[in-house]
Amino acid sequence: MALTPAPDPDGRLACGRDASAVWDRAAAGEPADAHERDCPHCTAAAADARGLGALVHRMAQEQPEPPPSVLDRVMVAVRTELRPHDVLTLPSPHGPARLSRAAAASVLRHTVDAMSGVRARSCRIEQVTDTFSGEPGHAADVRITVTARFGVDLASVTARVRQMVAAAGEQALGVPVRRVDIEVVDVFGGEW
């Protein structure tokens, strides 16, 4: 692509021609007049217009494939979206503290991902309502979906996941975990 000298602020090329008129004629495929054929400024502007048109046309014909990591990035963004009402209430000597469910779920997924032979897919945390007062309690029920490496003992792996999630809930988050439901939704081969 030729390099066109910048037009004046009023849109004229160095030769005095209107730059947009030269571009429009070239982009429409109209033949250049005698001046435009002989003028280096008009020739360069027309070449730029045709080159840009060809580039745009070629790019419009391409059907790009998104990189494989796009879905993972989108899912991370979805999981970490913070909604004001989507918090866990924690007891504190200075009044109730609030912890994002998404952040708490992320900690629990990370705990599972650090284990051998299993990877977390999704995690849902529901704060348990106190049966006496009807108010939200501080304990939580956790529902987590996982994938397991082909050939592992699922009973042993899910028992370990249950133990680790309960411990991480209480120790890392300060949320007593009342129940952990685990669903194995897929298996994978080799190391992940």
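Brief remarks follow.
- Contact order relative to length of the range 17-71, as percent, for alpha carbon pairs under 8 angstrom and 6 or more apart: 34
- In the chain, the longest principal axis of the Cα atoms and the axis of helix 40-61 are about 30 degrees apart.
- The range 88-166 - percent relative contact order, Cα under 8 Å, separation 6 or more: 26
- The chain: most fluctuating residue of S122, S69, S106 per GNM, C-alpha cutoff 10 Å: S69
- Once both labels are positioned 7 Å from their Cα atoms along Cα-to-Cβ, the gap between A167 and A27 label points is 6.5 nm.
- Relative contact order of the chain, pairs being alpha-carbon contacts under 8 Å that are 6 or more residues apart, as %: 13
- DSSP beta bridge pairing in the chain, given as percent antiparallel to the nearest 5: 60
- For the chain, calculated [θ]222 nm from helices alone, where every DSSP H run of n ≥ 4 adds -39500 (n - 2.57): -12500 deg cm²/dmol
- Highest GNM mean-square fluctuation among P40, P91, P67, for the chain modelled with Cα contacts below 10 Å: P40.
- With both labels modelled 7 Å from their Cα along Cα-to-Cβ, the S92 to R149 distance reads 4.0 nm.
- R0 of 30 Å, Cβ-Cβ distance A54-D10: FRET efficiency to nearest 0.05: 0.60
- Comparing A103, A27, A140 in a Gaussian network model of the chain (Cα springs below 10 Å), the most mobile by mean-square fluctuation is A27.
- Only Lys, Arg, Asp and Glu carry charge here, each on its Cβ (+1 for the first two, -1 for the last two); on that basis the range 9-99 has a dipole of about 460 debye about its Cα centre.
- For the chain, a simple Cβ point-charge model (Lys and Arg +1, Asp and Glu -1, everything else neutral) yields a dipole of about 840 debye relative to the Cα centre.
- C-alpha long axis of helix 101-113 to longest principal axis of the chain, angle in °: 80
- Among the cysteines of the chain, C15, C123 have no other cysteine beta carbon within less than 4.7 Å of their own.
- Accessible-area order (highest first, 1.4 angstrom probe) of the listed residues L154, L88, L173: L154, L173, L88
- Structure-derived Cα extents along the principal axes in Å: which label, when the choices are (1) 69, 31, 26; (2) 91, 48, 22; (3) 64, 37, 30: (2)
- In the chain, the sites counted are GluC sites (Glu not before Pro) in DSSP loop states with at most 14 other Cβ atoms within 10 Å, and the longest stretch holding none of them, exclusive of the sites, is 82-190.
- Subtracting the Cα-Cα distance of R119 and S106 from 0.36 nm times their residue separation leaves 3.4 nm of extension gain.
The values are calculated or read from the model by the stated rules, or taken from the named source; none is laboratory data. What you are looking at is a predicted structure, and each value in this text was computed from that prediction instead of being measured. Counting neighbours? That spans all protein chains shown, and the Cβs are built from the backbone with ideal geometry, glycine included. When the accessible area is computed, the model is the full protein with side chains, heavy atoms only, and any ligands, DNA or RNA have been set aside. Shrake-Rupley method; radii C 1.70, N 1.55, O 1.52, S 1.80 Å.
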